[in-house]
Every structure is written in C-alpha cells, then in structure tokens.
Amino acid sequence: MIRNITLFILVAILFASCVGNKRLVYLQKDNLHENQPKDTVLREYDLTYHDYKIQPQDILSVQFKSITEEDFDIFNDFGMGGGNIGGGGGAGLIGLRGELVDPQGQIGFPVVGKIKVQDMTIFEVQDTLQSIASQYVEDPVVKVRLLNYRFTILGEVNAESVVTTQNTRVTFMEAIGMAGGLTELASRDNVKVIRQKGDKAEVFYIDLLEEEFLESEKFYVYQNDIIIVPPLRQRPIRRYYSQNLSLLLSSVSAVLFIGSFFGLSATR
C-alpha cells in the first residue's frame, strides 16, 4: 500500500513539473514538430513601427560639424566643442554633449536660445538643428542621438536589469536577449508590460508564443517600458518540491524499511 502511494506521488510530481515545447518556443506557427521546407519564405508579416517622439527628461547627444573657422564659430566659442579645422575646407568636430529636454520639451543653446523638440523624431530634431545652424556656420552637419532610451525587465529572466541603449527600435525579442533570455520556467504567453504615456501608465499583456505577434503594434519596446515576466505554474514544483524529492524518497524508504522490519518481527 505504501509503495503504491509513493509511486503515485512520484508520478504526480513528474507530470506536474513537466513543461512542454508549446510553452517554451517563441513565435510558434502550426505544428512545432512538422518538418518545414528549408531556404523557402513560408510567410510574410507587415511590421508596424511607430517612430519614437522626444519627451521631457530625454537626453540628446547633439554633435555639430562645420568648416567655419574656430574664431567665428559661435557653437565652439560657447564651449560646445573644439578642435575645428578652419579655413582649409576640412570638417571639424564642434561638440558632443548631452542636452536634457526640459519640462517644456525644449533644449537650449547659446545665442540660438531655446528650441522646441518635444514630439519630434530624432531625424526631425536633426533636420531642425541643421537648418538653424546653417544660419550661423558654414556647411554644418548635425547628428542627434538619444542617449537614455531605456526599459526595465524583471521576473523570470536570467539577468533582471535596466537596459539603456541608443537604438530606439528595439523589439521585445531583442529586449529579452539583452536580459540574458527567459528562464525555463518563464510564462511566455502572459508577459506584462507597463507603458508610460504622458502622465498616465498603460498596462497590457503580450503573448510571445504566437508568430502573429510579429505584426502587432506592441512588437516594439518603448522608452521607459517596464516588462514583467511571470513564472509558470510549474515553478514551485520544479524549484522547491523537486529539490526536496531526495529527502522525500529517503523518508519513504526509511518508513518502508521500518514497516518491513516490524512486519518480519511480528511473523516470528
């Protein structure tokens, strides 16, 4: 009787701790075990991308280049760089610095003053600054990058972290890769996302198991997103009960031995 109960417990733990491939494989379509033709495009999806718009508290790297002589370069004179190559037709680096977007959505430059950049894309800011710089220096080239594009990923990942990148086009699959990937016990079909929208926070869930997620408007990570990966239901069993399985087996073996010993004693 005790042996049957022990066997039942072991089988129950084994099945309860199993996680099938359908719970683990990203972006699934049709049968996981089906042999798909190789070197052939099977499906196409239209990717939906929303260009990031600059918001207050963003930090922009603004880099100017010009052939204007240093003595006549207003950007250089006000400490925005140096080392220009003047008069010889070469391009000099005027500056690389972080400009904090203020609560009014503006960045400021000496002489030029405040410039509204909120709700512009990186390229729109770049074109705007280049147009303004052309009024003061000769043949300017302006490069703008967002320095603090970041998101937070927590939960069942191998490296919980706040990730900062200059790439404003990060997919959720890339975000997971930056966090070292998901653990084996992560629930991939119920990932929670908290997204900042102005003075509000939106909460939604995404399913990373379905291939159709590729064409979702939620396929890309946004600035300040918080991604929370929950565990599977099997997590407590795999992480805690399975660790104590050897102790359970030892205890059951001891009980069986004692029972057998007293059973033999009674028959004598």
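The values are calculated or read from the model by the stated rules, or taken from the named source; none is laboratory data. None of these values were measured; they are calculated from a predicted model. Note that we place each Cβ from the backbone using ideal geometry, even for glycine, and neighbour counts take in every protein chain shown. All accessible areas refer to the heavy atoms of the entire protein, side chains included, with ligands and DNA or RNA removed. Shrake-Rupley method; radii C 1.70, N 1.55, O 1.52, S 1.80 Å.
How much accessible area does Arg169 have with a 1.4 Å probe, in Å² rounded to the nearest 10?
Result for Arg169: roughly 120 Å² accessible.
Where does each of Leu232, Leu100 land when they are ordered by accessible area, with a 1.4 Å probe and the largest first?
Solvent-accessible surface, decreasing: Leu100, Leu232.
With each pseudo-label sitting 7 Å past Cα toward Cβ, what's the Thr152-Asp199 distance in nm, one decimal?
Calculated label separation equals 2.1 nm.
Using 17 Å as the cut-off for backbone N distance, which residues of the range 36-68 belong to the label zone defined by a point 7 Å from the Cα of Val111 along Cα→Cβ?
Once the point is set 7 Å along Cα→Cβ of Val111, 63-68 turn out to lie under 17 Å by backbone N, inside the range 36-68.
Give the lysines reachable from Lys218 as a straight Cα distance under 26 Å; neighbours fewer than 8 places away on the same chain don't count.
Within the straight-line limit of under 26 Å, Lys218 reaches these lysines: Lys22, Lys29, Lys53, Lys192, Lys197, Lys200.
Once ligands and nucleic acids are excluded and a 1.4 Å probe is used, how much of Lys143 is accessible, expressed in Å² to the nearest 10?
Result for Lys143: roughly 80 Å² accessible.
What is the Å³ per residue value for the convex hull set by the Cα atoms of the range 116-217?
It is 131 Å³ per residue.
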